[in-house]
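The values are calculated or read from the model by the stated rules, or taken from the named source; none is laboratory data. Quick caveat, the model's predicted, so the values are computed rather than measured. Glycine also receives a Cβ, built like all others from the backbone with ideal geometry; neighbour counts cover every protein chain displayed. In case anyone asks, the SASA skips ligands and DNA or RNA and just uses the protein heavy atoms, side chains included. Shrake-Rupley method; radii C 1.70, N 1.55, O 1.52, S 1.80 Å.
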Amino acid sequence: MLDKEQAERRAAEFLAGESRSWGQSSSVRIIPEYCFVDGEQFIAPYDHIDYLDNGHEDMQLGGNLPVVVDLVTGACRFIDWEEADAFMARDLL
């Protein structure tokens, strides 16, 4: 089973790989203070670096779905809208 640090590293690696083809939106980073564990899943929200580091609100992403890391297998993917709605209903996102 992965610990939080390992899961965050996996999420960051996954996000870096997936975002390479996003053009200007590829400058993204996991937001560690917003990450959380839910059951056997590590949920990792992210946003554009220019927003996170410099507060440029026009660079803030909208509709970006967090990365989820399976803490047992280490598999990564983006959550879907149904999962996002469930997390929002529980005030986790």
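Could you list all residues from region 9-19 that are touching a strand residue (DSSP E or B) at 6+ places or on another chain (Cβ under 6 Å) and either touching a residue at least 12 places away in the same chain (Cβ under 8 Å) or under 16 Å from Glu33 (Cβ atoms) (or both)? Outline the logic, then answer.
Quick first cut of region 9-19, residues touching a strand residue (DSSP E or B) at 6+ places or on another chain (Cβ under 6 Å) only: 10-12, 14-15, 19.
Arg10, Ala11, Ala12, Phe14, Leu15 - these are the residues of region 9-19 that are touching a strand residue (DSSP E or B) at 6+ places or on another chain (Cβ under 6 Å) and either touching a residue at least 12 places away in the same chain (Cβ under 8 Å) or under 16 Å from Glu33 (Cβ atoms) (or both).
Yes/no per residue for (1) of a type outside the set (A, V, I, L, M, F, W, C); (2) under 10 Å from the mean Cα position of the chain (by Cα); (3) modelled with pLDDT under 95:
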| residue | (1), (2), (3) |
| --- | --- |
| Gln6 | yes, no, no |
| Ser25 | yes, no, yes |
| Asn54 | yes, no, yes |
| Leu61 | no, no, yes |
| Ala75 | no, no, no |
| Glu82 | yes, no, no |
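Give me the residue from region 1-28 that is aliphatic (A, V, I, L, M) and farther than 23 Å from Gln60 by Cβ and, out of that set, most open to solvent (accessible area, probe 1.4 Å). It would help to see each step written out before you state the result.
Quick first cut of region 1-28, residues aliphatic (A, V, I, L, M) only: 1-2, 7, 11-12, 15-16, 28.
Right, trim to farther than 23 Å from Gln60 by Cβ and you get 1-2, 7.
Numbers: Met1: 156, Leu2: 34, Ala7: 0 Å².
By that ranking, first place goes to Met1.
Out of the residues in region 29-76 meeting the condition of being charged (D, E, K, R), touching a helix residue (DSSP H, G or I) at 6+ places or on another chain (Cβ under 8 Å) and open to solvent by 70 Å² or more (accessible area, probe 1.4 Å), tell me which one is nearest to Leu2 (Cα to Cα). Before you say what the answer is, go through the steps one by one.
Step one: of region 29-76, the residues charged (D, E, K, R) are 29, 33, 38, 40, 47, 50, 53, 57-58, 70.
Then keep just the ones that are touching a helix residue (DSSP H, G or I) at 6+ places or on another chain (Cβ under 8 Å); that gives 29, 38, 50, 57.
The next check asks that each one be open to solvent by 70 Å² or more (accessible area, probe 1.4 Å); those that pass are 29, 57.
Details: Arg29: 20, Glu57: 34 Å.
Looking at residues that are charged (D, E, K, R), touching a helix residue (DSSP H, G or I) at 6+ places or on another chain (Cβ under 8 Å) and open to solvent by 70 Å² or more (accessible area, probe 1.4 Å), I get Arg29.
Looking at region 77-91, which of its residues are in contact with a strand residue (DSSP E or B) (Cβ under 8 Å, 6 or more places away or on another chain), of a type outside the set (D, E, K, R) and exposed (fewer than 14 other Cβ atoms within 10 Å of the Cβ)? Outline the logic, then answer.
Our first condition is that a residue be in contact with a strand residue (DSSP E or B) (Cβ under 8 Å, 6 or more places away or on another chain); within region 77-91, this holds for 77-79, 83, 87.
With the extra rule that they be of a type outside the set (D, E, K, R), the set shrinks to 78-79, 87.
Listed by number, the list is empty, since nothing qualifies.
Pairs needed: first member in region 75-88, free of Cβ contacts under 8 Å to residues at least 40 places away in the same chain; second member anywhere, open to solvent by 50 Å² or more (accessible area, probe 1.4 Å) and of a type in the set (A, V, I, L, M, F, W, C); C-beta distance under 7 Å; at least 6 residues apart or different chains.
That search, which allows pairs on different chains as well, returns Ala84/Leu93.
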